[in-house]
Amino acid sequence: MSALPFTEYLAGAYEAAAGSLPGARDAAVATRRKAAIEAFRRHGLPNHKLESWKFTGLNALERQQWVLPANDGGVDAVRLTAATLTIDSHRLVFVNGRFDAAASKIGALPKGATLAPLSAAGDALKDALASAGDDRTVSLSELNAALASDGVVLLLDDGVQLDKPVEIVSFGVPALVNLRHLIRLGAKATATVLESYRDGGSSTSAGWTNVYAHVAIGTGAKLTHIRLQAEHDAAYHAALGRVSIGAGARYAHASVQAGAALARHELHVEFAGGDAEVDVRGLVLARGAAHLDHTLFLHHAVPDCRSNQLFKHVVDDHGHAVFQGGIRVAPQAQKTDAQQLSRTLLLADRAQIDTKPELEILADDVKCSHGASIGDVDAQQMFYMQARGIPAAEARRLLLSGFAYEIVTAVPEGALRDYVEAFVEGWLAKNSEKGGAA
Amino acid sequence: MLEIKNLHATVDGKDILRGIDLTIKAGEIHAIMGPNGSGKSTLSYVLAGRDGYNVTQGDILFNGQSLLNLEPEERAREGIFLAFQYPVEIPGVANATFLRSAVNAVRKHRGLADMDAMTFLKTAKAKMKQLQMDEKFLQRAVNQGFSGGEKKRNEVFQMAMLEPALAILDETDSGLDIDALKIVAEGVNALRSPERSAMVITHYQRLLDYIVPDVVHVLSKGRIIKTGGKELALELEAKGYADIVADAA
Amino acid sequence: MAANAQTIETVEGLAGEYKYGFVTDIESELLPKGLSEDTVRFISAKKGEPQWMLDWRLRAYKAWLRMAKEKGEPGWAKVSYPEIDFQDIHYYSAPKKKTLKSLDEVDPELLATYEKLGIPLKEREILAGVAVDAVFDSVSVATTFKGKLKDLGIIFCSMSEAVREHPELVQKYLGSVVPVTDNFYATLNSAVFSDGSFVYVPPGVRCPMELSTYFRINEAKTGQFERTLIVVDKGAYVSYLEGCTAPMRDENQLHAAVVELVAMEDAEIRYATVQNWYPGDKNGKGGIYNFVTKRGACRGARSKISWTQVETGSAITWKYPSVILQGDDSVGEFYSVAVANNAQQADTGTKMIHMGKNSKSTIISKGISAGKAQNTYRGLVRVMPGAAGARNYSQCDSLLIGDRCGGHTVPYIEVKNRSAKVEHEATTSRISDDQLFYCRQRGLSEEDAVSTIVNGFCKEVLQKLPMEFAVEAQKLLGVSLEGSVG
């Protein structure tokens, strides 16, 4: 245990590392980073007393002396292959929180497209470091701004279509890794992004990956954004995404959370123009002592937009899933259609879920609803399958697979869906083998 | 009974009715036919006094009195009944409760005492039997979960209970099979009397085989372009609207 | 076309005058404003309380002081109001004539007040068969039907009387469901509670009549701190009705009541409330602050507690009638209609804490917002690890009338048992132009149309009320949304 308070300890780590962080020689960047670490020092970590952190505590983080990752190492080929797409993509691999050029390959880009690691993004670095808010609830994103060692910058000019998916793969290491992404799509641009956080396999001790992503989707643009978080079972993962959606734009997001001691994916989505559509789906696969948290704030700030949220949780052992889904419909946001559904299967006696769907409706001509259901695998369905001769473990695996299906199928067909499906099926098969979920 | 004089009306600033003249005498049934978008439903809403349907010129006299300054409920109490093309669902409100409130609102207006629960129930059940409706409909929420045909039948049932002086049936035949159509028509015919009139709005001639009109009007682009006897409906059926509209133009 | 502009106008135009806005002129015995240890001692002495009761109050007072210093009033609810000056409140007032032997001795002016409120005691006594424990300000002045209840062994009396006459019961159960330090307002109540009702139903007895209390806040600047305790023993049953109206006031009046229910094995308690205290004027001036703690404990196996509430009044409502389902196979229910019009703010809901095996709970909440009101459902369903087979079904519907109000839903669901089954649904809707026009075309006035649609929306809850209350509640919904037209 550090003698220094946690914030001071990290501030010290910042001082030590500041000179070697990307943009260190740029005065504006240095000033921003300094301001960010000060903001973090002022606020400290979010805690239970904050409504949006009611169910997820970060005390465990404070019990460790975090080091920033060393600037070395790589990833072995087998691990890399297993964690990446089988098709041609623009692949950016991060090991130790730094861009691994050897493992990466950025293909030819259309005119008007910028895709680069943050560490080599030039002026875009300043934009990427912009604050997500001077507030304790998002203080981790300020810590991230101070310490961000790398990330991805994807900028598409108006009308640019990126055909190949952008694949961001980060391998966790037993250190505090800060990645920061900036994704900006101009009007009518389209892109598909896969963010994948995987176990680096270099150690059994815990790492902490702290991610911030700023996503701006222009008028009529379309972004498909898949996220897979499957690090070491002892890892910590905290991510905050800020997404703004232009008029007539589409944002399809699917988030799979699987491996971590504690993971939180917080997503703030704001509609900035009418006739836009958001589809957010989440799949949580929790076993062991995993504490997996999805927190969403969906702000219908303008009229005529549609949003759909579907979250599924499979919780085994003494896993703990958290789902907070806030929908706010502003007074002027008439004709909003906002739907939300959260479903949970608790597979073990000590498994638990905390869910808080929240509707704040200030306009009257709206269609808003939310639903939540929690229970075990349906006994009748089990019996029906067993009566057809399917062994119990197999029946259960099939039912779970069916449960996850609605999330998996939100991923575009082809290599991307195969990738997500393979992971989910792998997880379920392993769970079935270990005899959990009995 | 009903005198429509040079009626012009707009909806959302668009001219829909462009000078309608029409007189329905007591005891008469008039059919209004016309292609889609000719202003048939607008005419029914204007007569019933729906907000947003603005009369810009002309007048509507009902028993000599102008309706224009009357609220929808006042027109209803005067005896104007609109059978909706799309009857509205009101969750949680039992059909019986709803209808009894309506019956008593109309009775109060006519200086009659409230209909007591027993009499109401007896009358309602008798009318339902005529319309071959299950009595269970009385306890179900207004139109909620009703099939299209059930909704239309419920409209005619309400009409039978309210005994209006002027019934306006807005495409009451749409969505009905032939058996249901006959039953609905019988319900309307049962109300026929020298004191009552009806305006039957329909797209098809079929309904008029069962509710035989005294006069048929063809509406097009917000004007009545042709008026005739019941044979006009047959002519329309045979030739289609296009010819008649072209002839009139 | 503006979204149901007509509806908005109707509701606004008809918000009208508060029907029960009058002040009864009765000479009151008023303790000077302010709260101190002396206030607590004065109240206790005035009531001739034993030492244990005074000690209990003082413990609460000290705890409250600590809370006030450390955290102040709770700030998590979606309501806003100026900070309350707890030294600017009278903590005790009583009509002067006391120890009445019969209704004839009751101040005629007071009886006339009840008359105006539509609660003619005598009539009720004869016609409705309802025993009324009428609380006027802080002291019970009339209790009827005592004899009949006494024969069955049922105790139904004022809390003051219970403290004197049944100390063993009060000592055993008071604060056992809502602990002294439960929350800021409950703790304040524990220190200064003035009076309230006490009910005990002995084993196996089915209370043959609805027990009811009419509350009324009257004295200017008088906080009301009612304390109700209902204990229903094994296999017994009681249905309790609570209803309130309050006179018009410009200054805000604080009401911080505590209601505790205890249901033993196989016991059943039904508790119904119709609340229509003064909501303040159209701009939010005046009105009652209703900060209430209501909680029931299903102590025994197969016990059942059912809360039904129709909340139409108060400037601010902060109220979460809850059930702790301790017994196996116990049942908790919450049926609620909350109306917020004009500048009213309502933050209400329930907590269902499942501890017993196969415990079941049902939550049906209907929130109606109009004017510029804010209406929040806030609820918690918690299934503890031991509550195998627990079941919950929740349905929260919001109805919005007009485009300047807000309807919010904040359900917390925490499940720690795999065999539990929890389902939650929430919807938001409005009164459509189509619905209004349809009703009006059938001859209903606009205000009747609104009332009809709203009553339909609330049907599932209204039908849970005892008959005589249901009628009153339907009228209330009309009054609070349409004014007193017609």
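The values are calculated or read from the model by the stated rules, or taken from the named source; none is laboratory data. On a predicted model such as this, the values are computed, not experimentally measured, just so you know. All Cβ positions, even for glycine, are placed from backbone atoms using ideal geometry, and neighbour counts span all protein chains on display. Quick note on the areas: whole protein, heavy atoms, side chains included, nothing else; ligands and nucleic acids left out. Shrake-Rupley method; radii C 1.70, N 1.55, O 1.52, S 1.80 Å.
Count the lysine pairs in region C:284-415 that are 8 or more places apart or on different chains: how many have C-alpha atoms under 29 angstrom apart?
25
Please get the size of the charge dipole for region A:378-438, origin at its Cα centre, with Cβ charges of +1 on Lys and Arg and -1 on Asp and Glu, quoted in debye to the nearest 20.
That gives region A:378-438 a dipole magnitude of about 240 debye.
If one takes the longest principal axis of the Cα atoms in chain B, at what angle in degrees, from 0 to 90 and to the nearest 10, does the Cα axis of helix B:95-109 lie?
Long axis of B:95-109 versus the principal axis of chain B: about 70 degrees.
For residue B:182, which lysines qualify as cross-link partners when the Cα separation must be under 22 Å and same-chain residues fewer than eight apart are set aside?
The reachable lysines, counting only those whose Cα sits under 22 Å from residue B:182, are B:125, B:127, B:129, B:136, B:151, B:152, B:230.
In straight Cα distance, which aspartates and glutamates are under 17 Å from residue C:78, not counting same-chain residues fewer than 8 positions off?
Reachable aspartates and glutamates: A:51, A:358, A:360, C:311, C:347.
Roughly what % of DSSP beta bridges within region B:98-249 run antiparallel, to the nearest 5?
Around 50 percent of the beta bridges assigned by DSSP in region B:98-249 are antiparallel ones.
For region A:6-273, what is the accessible area per residue in Å², given a 1.4 Å probe and the full set of protein chains?
Dividing the accessible area of region A:6-273 by its residue count gives 35 Å².
Where does chain B land at 222 nm, in deg cm²/dmol rounded to the nearest 500, when only DSSP H runs of n ≥ 4 count, each adding -39500 (n - 2.57), divided by all residues?
-11000 deg cm²/dmol
Give me Rg over Rh for region A:39-167, both radii from the alpha carbons and Rh done the Kirkwood way, two decimal places.
Ratio value, two decimals: 1.03.
Could you work out which residue, out of B:126, B:198, B:167, moves most in a Gaussian network model of chain B, that is, has the largest mean-square fluctuation with Cα springs under 10 Å?
In this elastic network of chain B, the residue with the biggest mean-square fluctuation among B:126, B:198, B:167 is B:126.
Do you know the relative contact order of chain B, to the nearest whole percent, from alpha carbon pairs under 8 angstrom that are 6+ apart?
Rounded, it is 28 percent for chain B.
Based on the Cβ-Cβ distance from residue C:69 to residue C:393, what FRET efficiency comes out when R0 is 35 Å, to the nearest 0.05?
0.25
Just to be sure I understand: with springs between alpha-carbon atoms less than 10 Å apart, which residue in B:191, B:82, B:17 has the highest mean-square fluctuation in the Gaussian network model of chain B?
Most flexible of the set in this elastic network: B:191.
List the residues of region A:340-369 that lose 50 Å² or more of accessible area once all protein chains are present, compared with their chain alone (1.4 Å probe, heavy atoms only, no ligands or nucleic acids).
A:349, A:359, A:361, A:362, A:364
Mind listing, in residue-number order, the residues in region B:24-52 that have at least 30 Å² less accessible area with every protein chain present than in their own chain alone (1.4 Å probe)?
Buried by the other chains: B:50, B:51.
If I stretch the segment between residue B:21 and residue B:174 completely, what's the gain in nm (0.36 nm per residue apart, minus their alpha carbon distance), one decimal?
Going from the current span to full extension adds 52.5 nm.
As an exercise, take the mean of 1/r over every pair of distinct alpha carbons in region A:378-438, invert it, and state the Kirkwood radius in angstroms.
12.3
Summed for both chains, how many Å² of accessible area, to the nearest 100, are buried between B and C with a 1.4 Å probe?
By this definition, chains B and C bury close to 2200 Å².
So which lysines pass the test for residue B:14, namely a Cα distance under 29 Å, with those fewer than 8 places away in the same chain ruled out?
Straight-line reach from residue B:14, under 29 Å: A:335, A:367, B:5, B:40, B:221, B:226.
To one decimal place, what orientation-averaged projected area in nm² is obtained for the convex hull of the Cα set of chain A?
So the mean shadow area of the Cα hull is 20.8 nm².
State, in square angstrom and to the nearest 100, the accessible area buried between chains C and A, both chains counted, probe radius 1.4 Å.
2600
Please report the antiparallel percentage of DSSP beta bridges with both residues in region A:6-273, rounded to the nearest 5.
10
Just A:101, A:260, A:404 to compare: in a GNM of chain A, with alpha carbon springs under 10 Å, which one fluctuates most?
Among A:101, A:260, A:404, the largest mean-square fluctuation in the Gaussian network model of chain A belongs to A:101.
Could you work out the per residue convex hull volume over the alpha carbons of the protein assembly as shown, in cubic angstrom?
Per-residue hull volume (Cα only) is 214 Å³.
For the protein assembly as shown, which whole-number percentage of the solvent-accessible area (1.4 Å probe, protein heavy atoms only) is attributable to carbon and sulfur atoms?
That share works out to 50 percent.
In square angstrom, what is the accessible area per residue of region A:354-406 with a 1.4 angstrom probe?
45
Normalized C-alpha radius of gyration of chain B, against 2.2 N^0.38 Å?
Chain B yields a ratio of 0.99.
Would you work out the charge dipole size for region C:300-423 about its Cα centre, treating the Cβ of every Lys and Arg as +1 and the Cβ of every Asp and Glu as -1, and quote it to the nearest 20 debye?
300
Accessible area per residue of chain B at 1.4 Å probe, in Å²?
The answer is 43 Å² per residue.
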